[in-house]
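First up is the structure itself, then whatever we jot down about it.
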Amino acid sequence: MNFSSESINILQYLLPGFLSAGKFQTLVSSRKPIGLDIIVRSFIFTIIVQLLADACIWMAISFEWLTNSNETRDYVILLIISSVFGVTAATLWNYDLFHKFFRFVKVTQQSAENSTRISAFKLNRKSYVVPHLKGERRLYGWPQGWPSSPTDLILSHWRLCMAIG
């Protein structure tokens, strides 16, 4: 299979966006995108990461932190920025800061969570949960973390206070 240099350049251009989108999707608890959603999100992340990297490199050259443009160094900077941007976007998403802002300006009333149970637990920090186990045993505690799917509930996600016989 022969790849042209233009195909390689396109892949190099898109790789930071896919890397950033992958880090973001790994760190958020929303539903996992499929098909076209992944590609669109990656293209959006590519545009943002490329703009941020270009701005950083331009500022570094303007303030004479860097002497001139170096293709290898610029690509390393681009990959670092894509990683930092993916983690930062996931952090802003997980702390509901995007939606909090849009709720403030009356654009939406939704939260960043994809489940009402997760939203309810986050909003009601003083609430408690009692999972009923087999054999009439119950555990008493509160959620500390949440799985992406309700069927993936693992006890390691709970901080348990005590077992009730």
The stretch 94-109, subset more than 19 Å from S29 (Cβ to Cβ) and assigned to a loop (DSSP other than H, G, I, E, B), residue modelled with the highest pLDDT: V105
Pairs needed: first member in the stretch 24-43, under 14 Å from F85 (Cα atoms); second member anywhere, assigned to a loop (DSSP other than H, G, I, E, B) and of a type in the set (A, V, I, L, M, F, W, C); C-beta distance under 9 Å; at least 6 residues apart or different chains. V28/A112
For the stretch 78-110: of the residues being in contact with a helix residue (DSSP H, G or I) (Cβ under 6 Å, 6 or more places away or on another chain) and buried (at least 18 other Cβ atoms within 10 Å of the Cβ), which is farthest from Q50 (Cα to Cα)? A90
From (1) at pLDDT below 80; (2) within 30 Å of T46 (Cβ to Cβ); (3) of a type in the set (V, I, T), pick out the condition that doesn't hold for T91. (1)
Given the residues L79, L66, which is the only one that is part of a helix (DSSP H, G or I) and of a type in the set (A, V, I, L, M)? L79
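The values are calculated or read from the model by the stated rules, or taken from the named source; none is laboratory data. What you see is a predicted model, and the numbers here were worked out from it, not measured in a lab. Ideal geometry is used to build each Cβ from the backbone, glycine not excepted, and the neighbour counts take in all protein chains shown.
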